[in-house]
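See below for the structure under consideration.
The values are calculated or read from the model by the stated rules, or taken from the named source; none is laboratory data. The shown structure was predicted, so the numbers you read here are calculated from the model rather than taken from an experiment. Here the Cβ is made from the backbone with ideal geometry for all residues, glycine too, and neighbour counts use every protein chain on show. Just the protein is used for accessible areas: all its heavy atoms, side chains included, with ligands, DNA and RNA removed. Shrake-Rupley method; radii C 1.70, N 1.55, O 1.52, S 1.80 Å.
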Amino acid sequence: MQSVAHLVKVSVPGYLSELPIPDTFGGWFRLGFKDWLALVPPTALAAGVGYTVYRAYCPKARVACSGRTNKIVQLSNPKVVDTIDVEDISEKAAFCRCWKSKNWPYCDGSHANHNKETGDNIGPVIVKKNK
Ligand code: FES
């Protein structure tokens with residue numbers, strides 16, 4: 001426990017007090033290469049901690065950055081399953097494959113924005129009745 005106390009009370013404050021952080025805004029422009037190099041580790045550590053906390057406590061970030069395909073449809077369900085009777089389809093129906101439709105499971109054209117933003121080429125699946 002004594003080593004933790006020494007780390008928190010002596011080592012870390014000593015390390016931080018030695019960092020070449022200027023007193024004025026203009027001082028940032030007068031820093032040398034070694035000064036900038038000394039600032040890399042604490043900056044990387046602060047960015048890593050900040051990003052980890054952001055990912056851990058921001059639910060939107062968890063969904064957005066999780067690699068999931070479905071980011072809006074029935075998120076509280078463990079599995080999204082839809083059943084549609086073929087008899088209920090009049091002539092044809094367009095079903096969403098991009099998981100962005102606000103009229104799930106039908107396509108509402110949201111794939112167009114998705115394709116524009118990402119360069120993807122997703123479109124709906126169209127089910128037609130034989131004549
Ligand atoms: S809205 Fe998803 S495929 Fe059209």
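Key figures for this structure:
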{"quantity": "First in the stretch 8-29 and in contact (Cβ under 8 Å) with a residue 12 or more places away in the chain, second anywhere and of a type in the set (Asp, Glu) and part of a helix (DSSP H, G or I), Cβ under 6 Å, 6 or more apart", "calculated": "20/35"}
{"quantity": "Candidate set: the stretch 105-120, residues that are of a type outside the set (Asp, Glu) and closer than 19 Å to residue 82 by Cβ; chosen: the one most open to solvent (accessible area, probe 1.4 Å)", "calculated": "106"}
{"quantity": "Residue list for the stretch 1-18, filter: polar (S, T, N, Q), over 36 Å from the mean Cα position of the chain (by Cα) and surrounded by 10 or more Cβ atoms within 10 Å (Cβ to Cβ)", "calculated": "none"}
